[in-house]
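Each remark here refers to the structure printed beneath this line.
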Amino acid sequence: MKIAFIGGGNMATALVAGLSGQHAGAGSVHVVDPNLEARARLASQYGVSTGECVDLQVAGCDVVVLAVKPQQMREVAAALKPQLGDQMLVLSIAAGIRIADLSRWLGGYTRIVRAMPNTPALIGMGITGMVAMPSVDAAQRQAADDVMRAVGQTVWLEREELIDPVTAVSGSGPAYVFYFLEAMQQAAIEMGLDAQQGKELALATFTGAAQLAAQSSDPVELLRQRVTSAGGTTHAAIVSMEASGVKAAIVKAMKAASARGRELGDELGKD
């Protein structure tokens with residue numbers, strides 16, 4: 001499988017690293033980026049070929065991964081359009097760019113998969129929501145899945161509008177985790193622990209609890225109840241959070257993120 005990446009930023013680098021030695025060897029990966037330093041780094045670290053612009057080398061690839069900023073997508077699509085082959089898969093990981101708009105910018109091309117990864121992909125522990133146009137065949141869906149599984153798990157969606165909830169839950173989700181960790185560390189310091197102790201305790205607790213939930217067949221509500229004895233310390237904390245409306249605030253915030261995702265799609269897709 002020959003793969004071209006348009007854009008050589010952090011997410012593209014993570015994907016290149018994950019693909020190395022798996023479904024695509026270094027010689028099968030080509031990266032296009034206008035930044036000379038980025039091209040040199042990728043060529044040196046992963047042995048990939050690089051180019052400054054979209055050219056015939058991109059045209060010969062099976063999969064083209066669009067890993068540029070959303071604001072750059074129209075320009076990139078215009079450059080890619082002349083190089084599209086009939087069976088080329090276009091895989092977009094640009095936030096907010098809807099398939100219909102990308103297809104229009106590519107002259108009506110329909111072999112497109114839209115993906116929404118998250119930043120833990122940078123350490124191979126990401127999760128990506130994905131949706132394909134009807135003309136994408138089974139082999140191309142598998143190719144897209146192989147690319148994104150190089151940096152974590154994948155979840156396929158039946159409808160593109162579900163990408164906005166995915167963005168709210170997992171795309172923006174790491175920030176919620178970091179926010180909660182900030183609060184745990186602040187509380188630790190205010191209760192007398194030093195900053196390093198607070199960090200170690202918060203990180204280990206969050207990591208351990210997440211792994212416990214991942215490995216258990218029980219719902220997270222039951223896991224929470226098991227450590228919330230009536231009248232105990234955990235119960236006091238949960239009662240305080242409920243009184244402050246913490247859960248409701250989190251749900252509201254995630255719905256706001258989803259709504260903003262829809263708005264961005266409208267804004268970025270305007271002609």
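A few comments on the model shown:
- Using Cβ point charges alone (K and R +1, D and E -1), the dipole size of the range 124-202 about the Cα centre works out to roughly 120 debye.
- Gain on full extension, evaluated as 0.36 nm per residue between Ala43 and Phe178 minus their Cα-Cα distance, stands at 45.3 nm.
- Neighbours of Glu160, meaning other residues whose beta-carbon lies under 12 angstrom from its beta-carbon, give a summed charge of 0 when Lys and Arg score +1 and Asp and Glu score -1.
- Which of Val177, Gln142, Gly108, positive extreme of dipole for the chain (C-beta unit charges): Gly108
- Amide H contacts of Val31: Phe5, Ser49, Thr50, Gly51, each under 5 Å away and 5 or more positions distant or on a separate chain (H built 1.01 Å from N in the peptide plane; Pro and chain starts excluded).
- Relative contact order of the range 160-271, pairs being alpha-carbon contacts under 8 Å that are 6 or more residues apart, as %: 42 percent
- On Cα atoms only, tilt of 10-19 relative to the major axis of the chain in degrees: 80 degrees
- Straightening the chain between Val220 and Val246 buys 7.7 nm, computed as 0.36 nm per residue apart minus the Cα-Cα spacing.
- Pairwise FRET efficiency - Ala237 versus Lys69, Cβ, R0 = 41 Å, nearest 0.05: 0.50
- Whole-Hz Karplus values for the range 65-74 come out as 9, 8, 10, 10, 5, x, 5, 9, 5, 4 Hz, taken residue by residue from phi with 6.51 cos²θ - 1.76 cosθ + 1.60 and θ = phi - 60°; glycine and proline positions read x.
- Amide H partners (placed H, <5 Å) of Leu89, local residues excluded: Val63, Val64
Coordinate-derived values only; no laboratory data. Computed from a predicted structure; not experimentally measured. Here Cβ is always computed from backbone atoms with ideal geometry, including for glycine, and neighbour counts include all displayed protein chains.
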